[in-house]
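The values are calculated or read from the model by the stated rules, or taken from the named source; none is laboratory data. Since the model is a prediction, treat every value here as computed from it, not as a measurement. Cβ coordinates were reconstructed from backbone atoms using ideal geometry, including for glycine residues, and neighbour counts include every protein chain displayed.
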Amino acid sequence: MQLTLAEANEIVAGAIAKAEELGIKINISVVDGGARLLAFARMDSARWAGRYGSEGKAIASVCFGRASGELAKRADTPIVKGIIAAEGGHAIPGLGAVPIIRDDVVDGACGVGGGTGEQDEDCARAGVARIGVEAAATTA
């Protein structure tokens, strides 16, 4: 199933709701299965640079089909470095994004930037849950 704009906007709303609960300001990027930006939002007063972090983490998550934080330990391995280079260098293998997997297919990912890595991932997971997808926490 292809990720829709309506679903991406629902993911953004869920991530914002979690950020408000945590008392933080975030940037949220939702990418499709091809790592192309589908939806983006920056909460009022969120740091502008978090935009790049949120999208980069979402790209990493969709490229590897796992939470971006799981890639942090492997970021310097030849395979991860090679895939990131081949992708164009936009992927960020750091805590804060989760994939959207339905029927064993990676349909996209949600990445968040602005809080701690753990807060970012909590917000991303809450966003993805809004469309009925359970995203596993990073096992780092």
- Scan the range 92-103 and give yes if some residue there is within 28 Å of Ala17 (Cβ to Cβ), of a type in the set (Gly, Ala, Ser) and touching a strand residue (DSSP E or B) at 6+ places or on another chain (Cβ under 7 Å), otherwise no. yes
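Taking Ala97, is it buried (at least 21 other Cβ atoms within 10 Å of the Cβ) and of a type outside the set (D, E, K, R)? So that I can check it myself, show each step before the final result.
Details: buried (at least 21 other Cβ atoms within 10 Å of the Cβ): yes; of a type outside the set (D, E, K, R): yes.
Considered against the rule, which asks whether it is buried (at least 21 other Cβ atoms within 10 Å of the Cβ) and of a type outside the set (D, E, K, R), Ala97 comes out as yes.
Residue by residue, here is whether (1) among the basic types (Lys, Arg); (2) more than 17 Å from Val12 (Cα to Cα); (3) at pLDDT below 95 holds:
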position	(1), (2), (3)
Lys25	yes, no, no
Met43	no, no, no
Gly50	no, no, yes
Ser54	no, no, no
Glu70	no, yes, yes
Asp76	no, yes, yes
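Please determine whether any residue of the range 30-47 is in a helix (DSSP H, G or I) and among the acidic types (Asp, Glu). Even if it seems obvious, please write down each step before you answer.
Initial filter on the range 30-47 (in a helix (DSSP H, G or I)): none.
Within the range 30-47 (the criterion being in a helix (DSSP H, G or I) and among the acidic types (Asp, Glu)), the answer is no, since none of the residues qualifies.
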- Can you spot a residue in the range 70-80 that is surrounded by 14 or more Cβ atoms within 10 Å (Cβ to Cβ), in contact with a Gly (Cβ under 6 Å, 6 or more places away or on another chain) and in contact (Cβ under 8 Å) with a residue 12 or more places away in the chain? yes
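Filter the range 119-135 down to the residues that are at pLDDT below 95 and out of contact with any strand residue (DSSP E or B) (no Cβ under 6 Å at 6 or more places or on another chain), then identify the one that is nearest to Ala58 (Cα to Cα). Please lay out each step first, then the result.
First, the residues of the range 119-135 that are at pLDDT below 95: 132-135.
Of the ones still in play, those that are also out of contact with any strand residue (DSSP E or B) (no Cβ under 6 Å at 6 or more places or on another chain) are 132, 134.
Details: Gly132: 18, Glu134: 16 Å.
Among them, the one singled out is Glu134.
Here's the yes/no breakdown for (1) out of contact with any strand residue (DSSP E or B) (no Cβ under 8 Å at 6 or more places or on another chain); (2) within 22 Å of Arg102 (Cβ to Cβ):
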site	(1), (2)
Gln2	no, yes
Glu10	yes, yes
Ile16	no, no
Ala39	no, yes
Arg51	no, no
